[in-house]
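Every read-out reported here was derived from the displayed coordinates using simple, explicitly stated rules and does not represent laboratory data. All of these numbers come straight from a predicted model, not from anything done at the bench. Positions of Cβ are generated from backbone atoms using ideal geometry, with glycine treated the same way; all protein chains shown enter the neighbour counts.
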Amino acid sequence: MPSTIAETESSPPSQPTAEEQPSRPAITLVVANQKGGVGKTTTTINLAAALGAYEKRVLIVDCDPQGNASRGFGLMARTPHLYHVMAGEAAVVDAILPTSFAGVSVLPADRELVGIEVEFVGIEGWEKRLDKALGPVRDSFDYILLDCPPSLGHLTVSALVASEGVVVPLQSEYFALEGISELVATVRRVQARMNPDLEIAGVLLTMYDDRTNLSRDVAAEARRHFADKVFDTVVPRNIRLAEAPSHGMPILQYDIKSRGSLAYLAVARELLARYADKARRTSA
Ligand SMILES: Nc1ncnc2c1ncn2[C@@H]1O[C@H](COP(=O)(O)OP(=O)(O)OP(=O)(O)O)[C@@H](O)[C@H]1O
Ligand SMILES: [Mg+2]
């Protein structure tokens, strides 16, 4: 894998040396935006694959009853999956499946997961269930990425409680920032009440078309709003990214030289650099 990547990029990833980075449990990031179809799942799958290509051990937790992140790796739901883990009926280790992509595993979901939205109503301590369930595997991965459904219900809040950073995909379209204040308010609430470590890890412009003023306007507005939280890399609108899931492959496997593939590799490098800086600051 690394040799193929070396052929497709100009600079190696900026990664800390073993000395700089103290060993730590997985960096857990949630990919969230309650708006539908903005690129959450595409980002989860392809960022995970790109991190895997940089030799990180990555777990995707599919927190969406649509199960798209699972299917994007060609995985069919089988028992147990995330529903059983969140319902306390199965251990997380029994639900994790390997994928055909090196370094990437998936904790899959299927439609049954929607039951959590109802079953968690009025249950004491529901917010912490997913966080606690992931405990036994946090040392087995470098990154855990949680893909969220397009809502701010129990599943998304559970994912926010279990994470230290939120990656927010923003579709470079009209009304991209509409509803973002609601997401930011939810992040702040979770931060204040349950998870003081939670922060916005990055805002990613997706389906970007640099020929349009609209994409440029959305990017400018996002940068005004979120400043350097916005990734320098933008993910272009790229048909290969839309095709890859139907082949059960991340873009790196489906078409490594596509613009979509190069973009997600670049996002992964930015993320690795951000967290390397963070580890250095924490250990200083
Ligand atoms: N950069 C891109 N270029 C072209 N198509 C894309 C790109 N990113 C995502 N898509 C396509 O747009 C659609 C929505 O993307 P995706 O499923 O990742 O969004 P989502 O936010 O996870 O949606 P949902 O809210 O339903 O979970 C999919 O068909 C996907 O293949
Ligand atoms: Mg999705």
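A few points about this structure:
- Altogether, the Stokes-Einstein calculation at 4 °C and 1.567 mPa s, with the Kirkwood radius of region 126-284 over Cα pairs as Rh, returns a diffusion coefficient of 75 µm²/s.
- Kirkwood-type radius of the chain, with distances r between different C-alpha atoms, in Å: 18.9
- Each 5 Å bin from zero holds the following percent of Cα-Cα pairs in region 28-181: 2, 10, 21, 24, 22, 13, 6, 2, 0.
- Label point at residue 210 placed 7 Å out along Cα→Cβ; residues across region 143-173 whose backbone nitrogen lies under 20 Å: 170-173
- Backbone geometry of region 189-203 corresponds, through the Karplus equation with coefficients 6.51, -1.76 and 1.60 at θ = phi - 60°, to 3J(HN,Hα) couplings of 5, 4, 4, 5, 9, 10, 8, x, 7, 5, 8, 6, 7, x, 10 Hz, x marking Gly and Pro.
- The chymotrypsin sites (Phe, Trp or Tyr not before Pro) of region 175-226 that DSSP puts in a loop, and whose beta carbon has at most 14 other beta carbons within 10 Å, are 175.
- Residue of 185, 268, 69 that the Gaussian network model of the chain assigns the largest fluctuation, springs spanning Cα pairs under 10 Å: 185
- Reachable lysines, given that their alpha-carbon falls under 19 Å from the alpha-carbon of residue 56 and they are not under 8 places away in the same chain: 278
- By average C-beta atoms within 10 angstrom, highest first, the peptides 99-106, 121-128, 137-144: 99-106, 137-144, 121-128
- Only helices enter the 222 nm calculation for the chain: every DSSP H run of n ≥ 4 contributes -39,500 (n - 2.57), and dividing by all residues gives -12000 deg cm²/dmol, rounded to 500.
- Relative contact order (percent, whole number), the chain, Cα cutoff 8 Å, 6+ residue spacing: 26
- Added length on full extension, which subtracts the Cα-Cα distance from 0.36 nm per residue, residue 247 to residue 94: 52.5 nm
- Paramagnetic label zone (point 7 Å from Cα along Cα-to-C-beta, residue 123; backbone N under 20 Å) in region 150-169: 150-163
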